[in-house]
Amino acid sequence: MRIVATLFKLAGHSLWNRRTTAALTVFAISMSMTLFLGVENLRKSARESFEATISDTDLIVGARSGEVNLLLYSVFRLGNPTANLDWESYKIISNQPDVAWTIPISLGDAVRGFRVVGTTQAYFDHYRYGERRPLNFAQGVPFNDVFDAVLGAQAARDMGLSVGDPIVLSHGIGGTSFVHHDDHPFRISGILETTGTPVDRAVHVSLEGLDVVHRPASERASIAAGEPSDTEAFEPEAITAFFVGMKSRILTLRMQRQINTYRGEALSAVIPGVALAQLWQVVGSVEVALGVIAGFVVITGLLGMLTSILTSLNERRREMALLRAVGARPPAIFCLLVMEAGLLAGLGSLIGVILVYAGILLAAPWVQSTYGILIIPAGPGLKDLQLVGAVLLLALALGAIPAWSAYRRSLADGLSVQL
Amino acid sequence: MTKPTCAVRLRDVTFGWHKDVLTLDIAMLDIAHGERVFVYGPSGCGKSTLLALVAGVLSPTSGEVQVLEQPLTNMKPGARDRFRAEHLGVIFQTFNLLPFLSIIDNVKLGYNFSRQRRARVTKTTDGDSEAIGQLLDHLGLTSEIRDRPVRSLSIGQQQRVAVARALIGSPDLVIADEPTSALDTEARDRFLDLLLSECNKANSTLLFVSHDIGLAKHFDRTVDLAQLNRAGASTGEAACE
């Protein structure tokens, strides 16, 4: 143990003696570790955030289309449905005895780039995300009038709106739409809490409210002036999609088959988990590419370390000969150099870990508001420890190269160095 | 353990760095315990090789090397390293010290690789720092010098620190490879006096190698390596100019 302590001290002092190059090496390693761990954490968070978009929903039903497509427009509000489905079909399926609840969704308009979603009270009652978390109101209440709207957290934040403010809904999806429906403003009845899902970027109105947007101006005026109608009783001709919750999860597959073979019209029912996994396969290749790049950056950092140790060896042959003379065994010389590699990589990794978690702590709010990825700033997890461990092992393995070289030389050089 | 009477004993020792070319071929060399032996030889005569063989860093191609009546040639490399750490002190011509360690830590290197040697240091005095302090005092390295970085020492001072490292823990055998060649005459004589008196105190045998025949008068016995080394004689002027 004494010898190990002596060697450790020697390695530390020797590195301190070459502190400029050592610091640069540590810097390179810490930067590469920061990138590596940062990408890993972002990957994990992106994936978890992605998988947490929707939960507790057993089936998503829409007009016949691919699973990924249906998921994209119904849950992520990206792109447009190929077709709508009849309200009649929705009613028939939602009245099935095995069905616990349904949430109808109608997509269409957007306001300043935030998608307008027509739905019912069921949305706020049954929609779940993450670990079966319900939608909570940060302010206000659900819509109970035709011209009421409920904003997602980010939509409210970005547009600077709060409960009671008017909001103008426009035709089309783009933020710079030509046709503005300036003549019938909606009123914000409530704002949802942040979820880290596409719900944050949605403007929710009742189905009737969405329908009313498309009526002629004269009708809109009379509706606005007339008695408040019961928005829950309103029946549109068609909707975009609906979410289904079954009374028992076991019944899901049978219901999916029934919907897919429904005779009234061509429908598709997808299981969210399956569709999410399919979509992630598409998105995930980017994730893998990022991980691979980060991995190579780490290897580059370690190769820099290898170079700096190898270059130092020549000028340190006398040092090695001296250590041999005072009785250090060649394995001790080997250990000394592996320790140096371990110290450099260990210090670099430590700084990298600190930088990553400081960065996550600081950047998490920004990432969430910009990309909707919820990063939970937890401490280093098991996965991080495994990654750091793997990098350290690699560093020690690379350190064995100069160590072996020094070992061979120390055997051959004898006491005096033949330069 | 009683001190062995024979410190170094070589019999028919040959060594070659390259196949078929012998650098060293010594029929017989005996050094008694407590002797101060001066090995004289111009450069290229195998002096360093001889020291490496005695130190057990190199193994002879043939023949037997005994140090303190222990046959080094029969030991495993690890055992030879332990033996060297425990019983030997080595002083080089230059670069005796690790520049990134303090003077004290450089001296401690002398016993850091052997438990027994460390035990000897702490047994004779109150503690290791006490022992190092005494040794450095004897060598004229005052306490104000001791805190200075190794780099700032003169070569003479560095060589004296090297003596302290070699002699800490009273090794049975001290080998010195041209330790004075970088010193001027005055510093050289002072250095030799200190080295010899410290070896006396530690009761250590001294094997001192140099090309400077003028130093021979300080020693009990002089060995001319050019005569002793049959390989040098047979390869002629090229190896021993």
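The values are calculated or read from the model by the stated rules, or taken from the named source; none is laboratory data. In this text the structure is predicted, and so the values were computed from the model without any measurement. With ideal geometry, Cβ positions are generated from the backbone for all residues, glycine too; neighbour counts draw on all protein chains shown.
Take the range B:129-153 and flag every residue that is within 23 Å of A:His13 (Cα to Cα) and free of Cβ contacts under 8 Å to residues at least 24 places away in the same chain.
If the condition is that a residue be within 23 Å of A:His13 (Cα to Cα) and free of Cβ contacts under 8 Å to residues at least 24 places away in the same chain, then B:Gly133, B:Ser143, B:Glu144, B:Ser152 are the ones that fit.
Please determine whether any residue of the range A:87-98 is modelled with pLDDT under 90, away from every other protein chain (no Cβ under 14 Å) and surrounded by fewer than 16 Cβ atoms within 10 Å (Cβ to Cβ).
no
Give me the residue from the range B:1-53 that is over 16 Å from B:Asn229 (Cα atoms) and of a type in the set (Gly, Ala, Ser) and, out of that set, farthest from the chain's Cα centre (by Cα).
B:Ala32
I'm trying to understand the selection: among the residues of the range B:174-216, which are over 20 Å from B:Gln157 (Cβ atoms), surrounded by fewer than 15 Cβ atoms within 10 Å (Cβ to Cβ) and among the β-branched types (Val, Ile, Thr)?
B:Ile213
Within the range B:137-155, identify whether any single residue is within 14 Å of chain A (Cβ to nearest Cβ) and among the basic types (Lys, Arg), and answer yes or no.
Scanning the range B:137-155, I find at least one residue that is within 14 Å of chain A (Cβ to nearest Cβ) and among the basic types (Lys, Arg), so the answer is yes.
Being in the same structural domain as A:Gly327 (by TED's automatic domain parsing), touching a residue at least 40 places away in the same chain (Cβ under 8 Å), surrounded by 20 or more Cβ atoms within 10 Å (Cβ to Cβ) and farther than 30 Å from A:Leu322 by Cβ: is that true of A:Ser14 here? If you could, list the steps in order and put the result at the bottom.
Details: in the same structural domain as A:Gly327 (by TED's automatic domain parsing): yes; touching a residue at least 40 places away in the same chain (Cβ under 8 Å): yes; surrounded by 20 or more Cβ atoms within 10 Å (Cβ to Cβ): yes; farther than 30 Å from A:Leu322 by Cβ: no.
Judged against the criteria, A:Ser14 is not a match.
Just for the range A:62-82: of the residues that are under 21 Å from A:Leu135 (Cα atoms) and not hydroxyl-bearing (Ser, Thr, Tyr), which one is modelled with the lowest pLDDT?
My answer is A:Leu78.
Please work out if B:Leu109 is within 9 Å of another protein chain (Cβ to nearest Cβ), under 12 Å from the mean Cα position of the chain (by Cα) and touching a residue at least 40 places away in the same chain (Cβ under 8 Å).
Numbers: within 9 Å of another protein chain (Cβ to nearest Cβ): yes; under 12 Å from the mean Cα position of the chain (by Cα): no; touching a residue at least 40 places away in the same chain (Cβ under 8 Å): yes.
Judged against the criteria, B:Leu109 is not a match.
From B:Leu101, B:Leu24, B:Leu88, B:Leu50, which residue is within 13 Å of chain A (Cβ to nearest Cβ) and under 19 Å from A:Arg317 (Cα atoms)?
Numbers: B:Leu24 fails: under 19 Å from A:Arg317 (Cα atoms); B:Leu88 fails: under 19 Å from A:Arg317 (Cα atoms); B:Leu50 fails: under 19 Å from A:Arg317 (Cα atoms).
Of the residues listed, the single one that is within 13 Å of chain A (Cβ to nearest Cβ) and under 19 Å from A:Arg317 (Cα atoms) is B:Leu101.
Looking at B:Ser43, is it at pLDDT below 85 and outside any loop (DSSP other than H, G, I, E, B)? Give the derivation first.
Working: at pLDDT below 85: yes; outside any loop (DSSP other than H, G, I, E, B): no.
No, not satisfied.
Could we say that B:Val223 is part of a strand (DSSP E or B), in contact with a Ser or Thr (Cβ under 9 Å, 6 or more places away or on another chain) and of a type in the set (Val, Ile, Thr) here? So that I can check it myself, show each step before the final result.
Numbers: part of a strand (DSSP E or B): yes; in contact with a Ser or Thr (Cβ under 9 Å, 6 or more places away or on another chain): no; of a type in the set (Val, Ile, Thr): yes.
The answer is no for B:Val223.
Taking into account only those residues within the range B:112-128 that are of a type in the set (Lys, Arg) and either touching a strand residue (DSSP E or B) at 6+ places or on another chain (Cβ under 9 Å) or in contact (Cβ under 8 Å) with a residue 12 or more places away in the chain (or both), which is farthest from the other protein chains (Cβ to nearest Cβ)? Quick ask: steps written out before the conclusion?
Pass one, the range B:112-128, residues of a type in the set (Lys, Arg): B:115, B:117-118, B:120, B:123.
Applying the additional criterion that residues be either touching a strand residue (DSSP E or B) at 6+ places or on another chain (Cβ under 9 Å) or in contact (Cβ under 8 Å) with a residue 12 or more places away in the chain (or both) yields B:117-118, B:120.
Working: B:Arg117: 8, B:Arg118: 8, B:Arg120: 14 Å.
In this case the residue turns out to be B:Arg120.
What are the residues in the range B:2-40 that are farther than 16 Å from B:Leu51 by Cβ, buried (at least 19 other Cβ atoms within 10 Å of the Cβ) and out of contact with any helix residue (DSSP H, G or I) (no Cβ under 9 Å at 6 or more places or on another chain), if any?
none
State which residue pairs qualify: first residue within 12 Å of chain A (Cβ to nearest Cβ) and inside the range B:65-83, second residue part of a helix (DSSP H, G or I) in any location, beta carbons under 6 Å apart, and separation of 6 or more residues or different chains.
B:Arg80/B:Leu72
Among the residues of the range A:349-368, are any of a type in the set (Ser, Thr, Tyr), more than 30 Å from A:Ala155 (Cβ to Cβ) and away from chain B (no Cβ under 14 Å)? Full working, then the answer.
Here is the first cut: in the range A:349-368, the ones of a type in the set (Ser, Thr, Tyr) are A:349, A:357.
After this cut, where a residue has to be more than 30 Å from A:Ala155 (Cβ to Cβ) as well, the list is A:349, A:357.
Of the ones still in play, those that are also away from chain B (no Cβ under 14 Å) are A:349, A:357.
Yes.
Go through the range A:307-343 and count every residue that is over 21 Å from A:Thr21 (Cβ atoms), part of a helix (DSSP H, G or I) and touching an Asp or Glu at 6+ places or on another chain (Cβ under 7 Å).
1
Can you tell which of A:Thr119, A:Thr53 is surrounded by 22 or more Cβ atoms within 10 Å (Cβ to Cβ), away from chain B (no Cβ under 14 Å) and not aliphatic (A, V, I, L, M)? Reasoning before the result, please.
Numbers: A:Thr53 fails: surrounded by 22 or more Cβ atoms within 10 Å (Cβ to Cβ).
Of the residues listed, the single one that is surrounded by 22 or more Cβ atoms within 10 Å (Cβ to Cβ), away from chain B (no Cβ under 14 Å) and not aliphatic (A, V, I, L, M) is A:Thr119.
So which of B:Ser197, B:Ser170, B:Ser181 ends up being modelled with pLDDT under 85 and among the hydroxyl-bearing types (Ser, Thr, Tyr)?
Details: B:Ser197 fails: modelled with pLDDT under 85; B:Ser170 fails: modelled with pLDDT under 85.
So the residue among B:Ser197, B:Ser170, B:Ser181 that is modelled with pLDDT under 85 and among the hydroxyl-bearing types (Ser, Thr, Tyr) is B:Ser181.
Residue-by-condition table, conditions (1) of a type in the set (S, T, N, Q); (2) part of a strand (DSSP E or B); (3) more than 20 Å from the chain's Cα centre (by Cα); (4) at pLDDT 90 or above:
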residue: A:Asp158; (1), (2), (3), (4): no, no, yes, no
residue: A:Ser177; (1), (2), (3), (4): yes, no, yes, no
residue: A:Asp182; (1), (2), (3), (4): no, no, yes, no
residue: A:Ile188; (1), (2), (3), (4): no, yes, yes, yes
residue: A:Thr194; (1), (2), (3), (4): yes, no, no, no
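When the residues of the range A:309-331 are filtered to those that are hydrophobic (A, V, I, L, M, F, W, C) and touching a strand residue (DSSP E or B) at 6+ places or on another chain (Cβ under 9 Å), which remaining residue is farthest from the other protein chains (Cβ to nearest Cβ)? Don't jump to the end; show me each part of the working.
Just the residues of the range A:309-331 that are hydrophobic (A, V, I, L, M, F, W, C), to begin with: A:309-310, A:313, A:320-323, A:325-326, A:328.
Checking which are touching a strand residue (DSSP E or B) at 6+ places or on another chain (Cβ under 9 Å) leaves us with A:322, A:325-326.
Details: A:Leu322: 7, A:Ala325: 4, A:Val326: 5 Å.
In this case the residue turns out to be A:Leu322.
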